[in-house]
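Trainee: Pasting in a structure now, in structure tokens, and then I'll have a few things to ask.
The values are calculated or read from the model by the stated rules, or taken from the named source; none is laboratory data. For clarity, every value in this text was computed on a predicted model and none was experimentally measured. Cβ coordinates were reconstructed from backbone atoms using ideal geometry, including for glycine residues, and neighbour counts include every protein chain displayed. Heavy atoms of the whole protein, side chains included, go into the accessibility calculation; ligands, DNA and RNA do not. Shrake-Rupley method; radii C 1.70, N 1.55, O 1.52, S 1.80 Å.
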Amino acid sequence: MTTTIYEFPLKEKVRNYLRIEHLLAQLKTGASVQNPALQIYFFEQLFTLMDLLDRLDLRTDLVKDLDVHERNLVHWSQHPNIDTNALEQSLKLIIQLKGKLKEERKFGTALKDDKFLASIRQRFSIPGGTCSFDLPNLHYWLNRPQDDIHESIKNWLLSLKLLEETVSVLLSFLRERGQFKPFEASNGFYQGVADDKCGLMRIRCDSNQGYYPTFSGNKYRYAIRFMLFESAAGQSPSVENTVSFAMASC
């Protein structure tokens, strides 16, 4: 059986972390190609991430969450059966990240200060605005030697490394909090009560049954409805039979 995991955030900051993780992954995909037409995809994702960073005060949330994990690790260190080496490594990493965050400028500042990025960013909001007549400087850049292109991309990604590391650590801690347990959705519907501390619901289900989960709710209550990816004419798009799935509350 092939399964797919769907993640649904219950808190706004977790939603932001997931979006950043997603965009950073797409950035790396765009950075790995050598086709000029596809490298434009890299800039599209980069400017989307910059727009997101412009709207958020991420550093405050990141530092607060690292503080919470630091206190938890100190508490767990008193447990007799704890893996001391793993705990010390995690604690050391969290302390290092906190120190770097407190010295960091607002995320994305280095990218905003880059003259080349600033000169092309606005045109990316225009449909078809990346044509050579709109952005001749971009097309000059795309046809530079690959070593020069990769060096520029490496430097841009390097300015996001601290953000990537911190978000990765926090999401890793969050995901590890929840263990998958079996559930059944009668008539394709399941409703539950969330723990106030829960920030993320993870749903794992069969990928070959022709349905996917939709999620609504908040940090107190939630509802899951399974929907058919393809429904026949006149057929309800909602799954009407019992669906077995696994879920983790994180």
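Trainee: So what's the stretch 12-177 giving for Cα Rg divided by 2.2 N^0.38 Å, two decimals?
Mentor: Working: Rg = 18.9 Å, N = 166, 2.2 N^0.38 = 15.3 Å.
Rg over 2.2 N^0.38 Å, computed on Cα atoms: 1.23.
Trainee: If R₀ is 35 angstrom, what is the calculated FRET efficiency for the pair M1 and R55, using the beta carbon separation as r and rounding to 0.05?
Mentor: 0.30
Trainee: Next question. Rounded to a whole number, what % of the accessible area of the stretch 143-250 do carbon and sulfur atoms account for, probe 1.4 Å?
Mentor: Carbon with sulfur: 46 percent of the solvent-accessible area.
Trainee: Same structure, new question: For every helix of n ≥ 4 consecutive DSSP H residues, a contribution of -39,500 (n - 2.57) applies; sum these over the chain, divide by its total residues, and give [θ] at 222 nm rounded to the nearest 500 deg cm²/dmol. It would help to have the intermediate numbers written out before the result.
Mentor: On the way: 9 runs with 127 residues, N = 250.
So the helix-based figure for the chain works out to -16500 deg cm²/dmol.
Trainee: How large is Rg over Rh for the stretch 1-89, taking Rg from the Cα atoms and Rh as the Kirkwood inverse mean of 1/r across Cα pairs?
Mentor: Here Rg/Rh amounts to 1.13.
Trainee: Could you bin all the Cα-Cα distances of the stretch 101-204 into 5 Å bins starting at 0 and give me the percent of pairs in each, rounded to whole numbers?
Mentor: Result returned by the calculation: 2, 8, 13, 13, 12, 10, 9, 9, 10, 8, 6, 1.
Trainee: Under a point spin-label approximation (7 Å from Cα along Cα-to-Cβ), what is the K11-V193 distance to one decimal in nm?
Mentor: 2.0 nm
Trainee: Go through the stretch 21-36 residue by residue and turn each phi into a ³J(HN,Hα) via Karplus (6.51, -1.76, 1.60, θ = phi - 60°); whole Hz please, and just put x for glycine and proline.
Mentor: 4, 4, 5, 5, 5, 5, 4, 5, 5, x, 6, 8, 8, 10, 7, x
Trainee: A further question on this structure: Considering only DSSP states other than H, G, I, E and B, which GluC sites (Glu not before Pro) in the stretch 106-204 qualify as loop sites with at most 15 other Cβ atoms within 10 Å? Before the final figure, lay out the partial values.
Mentor: Details: sites: E151, E164, E165, E176, E184; in loops: none.
For GluC sites (Glu not before Pro) across the stretch 106-204 that sit outside H, G, I, E and B with at most 15 neighbouring Cβ atoms in 10 Å, the list is empty.
Trainee: In addition: Would you mind computing, in nm to one decimal, how far apart the modelled labels at R19 and K154 are, each placed 7 Å from Cα along Cα→Cβ?
Mentor: 3.2 nm
Trainee: For the stretch 83-223, with only Lys/Arg (+1) and Asp/Glu (-1) charged at the beta-carbon, what is the dipole magnitude about the Cα centre, in debye rounded to 20?
Mentor: 420 debye
Trainee: Here's something else I'd like to know. Just to confirm, what accessible area per residue do you get for the chain at 1.4 Å probe, in whole Å²?
Mentor: Each residue of the chain exposes 58 Å² on average to a 1.4 Å probe.
Trainee: Using the Karplus equation 6.51 cos²θ - 1.76 cosθ + 1.60 (θ = phi - 60°), what ³J(HN,Hα) coupling, rounded to whole Hz, does each residue of the stretch 208-216 give in order, writing x for Gly and Pro?
Mentor: 9, 9, x, 9, 9, x, 10, 9, 9
Trainee: Would you kindly state how much longer the chain becomes between A37 and S132 on full extension, computed as 0.36 nm times their sequence separation minus their alpha carbon distance, in nm to one decimal?
Mentor: Result for the pair: 33.1 nm of gain on full extension.
Trainee: Taking amide H positions as placed 1.01 Å from N in the peptide plane, with prolines and chain starts having none, which residues 5 or more places from S238, or on another chain, fall under 5 Å of its amide H?
Mentor: Residues meeting the amide H criterion: L228.
Trainee: Longer than 19 Å from Cα to Cα, which of K13/K219; K64/K106; K102/K219; K11/K100; K98/K219; K100/K161 are they? Say none if no pair is.
Mentor: Pairs exceeding 19 Å: K102/K219; K11/K100; K98/K219.
Trainee: Also, quick follow-up: Among L158, I120, P9, which residue has its Cα positioned farthest towards the positive end of the charge dipole of the chain, with +1 placed on the Cβ of Lys and Arg, -1 on the Cβ of Asp and Glu, and the dipole taken about the Cα centre?
Mentor: P9
Trainee: Further question: Compute the normalised compactness of the stretch 158-250: alpha-carbon radius of gyration over 2.2 N^0.38 Å, N being the residue count.
Mentor: Taking N as the residue count of the stretch 158-250, the ratio is 1.32.
Trainee: Next up: Using the Karplus curve 6.51 cos²θ - 1.76 cosθ + 1.60 with θ = phi - 60°, work out ³J(HN,Hα) for each residue of the stretch 188-199 in order, rounded to whole Hz, and write x for Gly and Pro.
Mentor: x, 10, 9, 10, x, 10, 8, 5, 4, 7, 6, x
Trainee: Now for a separate question. State, as an integer percentage, the relative contact order of the stretch 181-249 based on alpha-carbon contacts under 8 Å between residues 6 or more apart.
Mentor: 48 percent
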